[in-house]
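The values are calculated or read from the model by the stated rules, or taken from the named source; none is laboratory data. This is a predicted model, so every value here is computed, not measured. In this analysis, Cβ positions are derived from the backbone assuming ideal geometry, glycine residues included, and neighbour counts consider all displayed protein chains. Calculation scope for accessible area: heavy atoms of the full protein, side chains included, ligands and nucleic acids excluded. Shrake-Rupley method; radii C 1.70, N 1.55, O 1.52, S 1.80 Å.
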Amino acid sequence: MNTFSNHHAYSRMYKEEELTLGLHIPLENYQFSTPTMEKQVELSQLAEKYGFTGLWFRDVLLEDPMFGDPAVGQIYDMMIYLTYLASQTKEIALGTSAVVLPLRHPLRIAKEIATIDQLFPERLIMGVSSGDRRADFRGLGVSHADRGARFVESFQYLQQALYEEYPQIAAGVGQIQGANLVPKPTTQIPTMITGYSQQPMDWFAEHGDGWMYYPRAPHLQAESIRQWRELVEQYHPGQFKPFTQPMHLDLSEDPNESITPIRLGFRAGRNVLIELLSIYKEIGVNHLFFTLFDSQRPAEEVINELGEEVLPHFPAHR
């Protein structure tokens, strides 16, 4: 059983026991520098032409050198830039990885998400998280320690505001009585819990439409997915809830170069990468999106090689 079988972006991206591929914005090998954000429209269109199923965006406010990476996401505000690239493409999914619920008021998120879905129907995949960048929390005056409780409150508020007519909401972040959010989304938006979001796995197996977890070696990821599937079956018997993960990739020019671990991913030649992706598919990863930040080669060159040589093994679902 699949709740979103009629959702265009979701159905291209997710299918039980299958794997599709996406890309993390910005499409650039900037490593520890600040992204230039050049050619993002052209590269997004190239990715769509090859059949990558998703582009993923980060919700980051401040550059924080203490965080251990440039910590600037795609430089531009996630919602605004996602909308811009949606207008320049036709069907590739736009994914949030992830909306930091404690740092955005849920009524504002609901308005933005519903508007995006009305303008670009069935293209949004909404990852949500509790957030981890302390500089952003301090900048907005939001308690980092309380982010878990705030995440749950915001999640519930968001769901009610999006899908109920004239909802009765009495939450710490605000109340709705006798009023209604317009527009509503054209359809229910797939909402993926990212990381643990300070919750037990039981909670997001029950409430999320899928789970997005950080990159790990296949044998470790397999155990997490097994636990997740068992809990989903417990709370929603017979229902498919997909598993998604990112992976930093440094694609070697030598197609047969063996795997070397790098920060949050691997360096490998394309033939070895295909073998690795087949293993991730076997353990239950349904969508994997490449992060090219640590690549030694230009992003366009890597996207071309992936599109021509790797993507045919893991095509979009039709």
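Peptides 12-24, 90-102, 174-186 ranked from most to least packed give 90-102, 12-24, 174-186, packing being the mean of other C-beta atoms within 10 angstrom over each peptide's residues. Working from Cα pairs under 8 Å separated by at least six residues, relative contact order for segment 213-264 is 46 percent.
When the chain is described by a simple charge dipole with +1 on each Lys and Arg Cβ and -1 on each Asp and Glu Cβ, the residue from Q198, P298, V72 located farthest towards its positive end is Q198. Calculated on C-alpha atoms, the gyration radius of segment 218-318 divided by its Kirkwood radius gives an Rg/Rh of 1.02.
GNM on the chain, alpha-carbon springs under 10 angstrom: the most fluctuating residue among D132, D250, D294 is D132. If you wrap the tightest convex hull around every Cα atom of segment 123-164 and split its volume per residue, you get 90 Å³. Of all the C-alpha pairs in segment 171-268, what % are more than 19 Å from each other? Percent of Cα pairs beyond 19 Å in segment 171-268: 60.
When the GluC sites (Glu not before Pro) in segment 243-276 are filtered for DSSP coil states and for at most 13 other beta-carbon atoms within 10 Å of their beta-carbon, the remaining sites are E253. Over the chain, what is the relative contact order in whole percent, taking alpha-carbon pairs under 8 Å and six or more residues apart? Relative contact order of the chain: 24 percent.
In this structure, the amide hydrogen of Q74, modeled 1.01 Å from its nitrogen in the peptide plane, lies closer than 5 angstrom to those of R58, V60, counting only residues at least 5 positions away or on a different chain. Taking every alpha-carbon pair under 8 Å whose residues sit at least 6 apart, segment 204-318 reaches a relative contact order of 26 percent. Excluding ligands, DNA and RNA, the accessible surface per residue across the chain is 42 Å² with a 1.4 Å probe.
3J(HN,Hα) along segment 213-224: 10, 5, x, 9, 4, x, 5, 6, 5, 4, 5, 4 Hz, from the Karplus curve 6.51 cos²θ - 1.76 cosθ + 1.60 with θ = phi - 60°, whole Hz, x for Gly and Pro. Share of pairwise Cα-Cα distances greater than 37 Å in the chain is 11 percent (whole percent). Computed log10 I(q)/I(0) for segment 1-100 at 0.11, 0.13, 0.20, 0.24 Å⁻¹: -0.36, -0.50, -1.03, -1.31, from the Debye equation with unit scatterers placed on every C-alpha and solvent omitted.
Of interest is the spacing of the C-alpha centroids, which for segment 145-200 and segment 59-87 amounts to 23 Å.
Could you tell me the calculated FRET efficiency between S278 and Q177, based on Cβ-Cβ distance and R0 = 45 angstrom, to the nearest 0.05? Efficiency, rounded to the nearest 0.05: 0.25. If you take the alpha carbon atoms of segment 63-104 and fit the smallest convex hull around them, that volume is 92 Å³ per residue. Any number yet on Rg/Rh for segment 1-57, C-alpha, Kirkwood? Result: Rg/Rh = 1.08.
So between D69 and H144, what do we pick up on full extension, going 0.36 nm a residue minus the alpha carbon distance? Answer, rounded to one decimal: 25.0 nm.
Taken along the Cα-to-beta-carbon direction at a fixed 7 Å, the label points for K111 and Y235 span 3.0 nm.
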